[in-house]
Amino acid sequence: MSGPNTQYDPVEVSALDPAAVDANVADALAAIEAATDLDALKAVRLAHAGDRSPLALANREIGALPPSAKAEAGRRVGEARGRVGAALRARQEALEAERDERMLVDERLDMTVVAPRRPLGARHPISTTIERVEDIFTGLGWEVAEGPEVEAEWFNFDALNFGPDHPARAMQDTFFVEPGDAGLVLRTHTSPVQMRAMLTRDLPLFIVCPGKVFRTDDLDATHTPVFHQVEGLAVAEGLTMAHLKGTLDRFAAELFGPHVTTRLRPAFFPFTEPSAEMDFQCPICLGKDPACRVCGGTGWIEWGGCGMVNRNVLSAAGVDPERFTGFAFGMGIERAIMLRHGVPDMFDIVEGDVRFSTQFGMEI
Ligand code: PHE
């Protein structure tokens, strides 16, 4: 049994007075009632039921009382804390219910409102056709190569056996890049990639290079100053014109269907010998409409040039023309789209109207 508590100081435990405890409870209940939202109630809970609240401090004082007074004070403080706790819980529930109700009103969604529709874009047929061409050739074991659109005049012309006086260099065909003596042009065809490929890759080589090319043409139903070509180049031992024709036939059949009519016409390109132009029968008029805007009434669509790589070009690339031969071709992508989808006017292709592209569906 402990003896008399000599440290007992009646001033210190005035917090345990019934009047003081009642006042604390009254304060707490008033504050709880005054809390109008959950944040405010949280602050009230800390002040009136937290570790440093008057009632918690009073509770701690009980230990300092003489044993005879402990039970009485303990009951009083316990009851007081119980009332405050119950009031806090009740207020908490009421405020939560209020908040939930408010949320239901504030965050109400009208599921019948028509949502603003944003139409999806569509891939342009130039992109999808280029990918299709790449697929066809990679399926044959060829590789896809690239070259710059701003090209050295040397790669665009000289390396391809264009003499210095060749008319294709003249201002009316070629966009020259300033300053005039920079030796740079916007490539007029994808053929410069032939030389770049031969200089950087091992033989034998089989590459296709799709890309943009530029010529100072006016925009009309069949021409545009910026268009796309796909270049093909094969260099190996024993390649002949028959391999070229076979490759082109396979290409055309894969792209346009197995029954496409084509023809080769003798032609001249400085970088191929012999050379040919390749035409497709006009799918719009099938040669029957002399006023056809696509074929100009000829019944055929010029699709590109081709030929056996000129031995001068092989030599310039350091390839032995006695041992290796090569063939090359270059085709217009826009022409392929017009042919494949019956687009009669180049304007539709270059205009960039999404309604044009969406007609091609989800081709990937
Ligand atoms: N580069 C030529 C053109 O744009 C086409 C071509 C490519 C011809 C390859 C022969 C060989 O007209």
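Quickly work out the D345-to-K42 label distance, labels modelled 7 Å from Cα along the C-beta direction, and quote it in nm with one decimal. Placing both labels 7 Å along Cα→Cβ, they lie 6.6 nm apart. When cysteine pairs in the chain are screened for C-beta atoms closer than 4.7 angstrom, the residues that find no partner are C209, C306. Between M103 and A56, take the C-beta separation as r, use R0 = 41 Å, and let me know the FRET efficiency to the nearest 0.05. Computed FRET efficiency for M103 and A56 comes out at 0.75. By the rule of a C-alpha distance below 26 Å, with chain neighbours fewer than 8 residues away ignored, the lysines paired with K245 are K212. Each Cα pair of the chain feeds into the Kirkwood radius, which the Stokes-Einstein equation turns, at 10 °C and 1.306 mPa s, into a diffusion coefficient of 57 µm²/s.
Along the Cα-to-C-beta direction of H166, a point sits 7 Å from the Cα; which residues of the range 189-211 have their amide N less than 18 Å from that point? Within reach of a label on H166: 189-199. Net charge of the neighbourhood of E277, taken over other residues with C-beta under 10 Å away and scored Lys/Arg +1, Asp/Glu -1, is 0.
How would you rank F227, F175, going from fewest to most other Cβ atoms within 10 Å of each one's own Cβ? Write out the running numbers ahead of the final one.
Working: F227 19, F175 16.
Final ranking by Cβ density, sparse to dense: F175, F227.
Could you list R215, R52 so that the one with the fewest beta carbons within 10 Å of its beta carbon is first and the one with the most is last? Write out the running numbers ahead of the final one.
Values: R215 18, R52 8.
The order, fewest Cβ neighbours first, is R52, R215.
Exposure proxy shown here: for F268, F206, the number of other Cβ atoms within 10 Å sets the order, fewest to most, as F268, F206. Residues of the range 19-62 with an amide N closer than 11 Å to a point placed 7 Å from the Cα of Q92 along the Cα-to-Cβ direction: 42, 45-46. When Rg and Dmax are taken over the Cα atoms of the range 120-164, they come to 15.7, 50 Å.
Coordinate-derived values only; no laboratory data. Being a predicted model, the structure only gives us computed values, none of them experimental. A quick note on method: Cβ atoms are made from the backbone with ideal geometry, for glycine too, and the neighbour counts reach across all protein chains shown.
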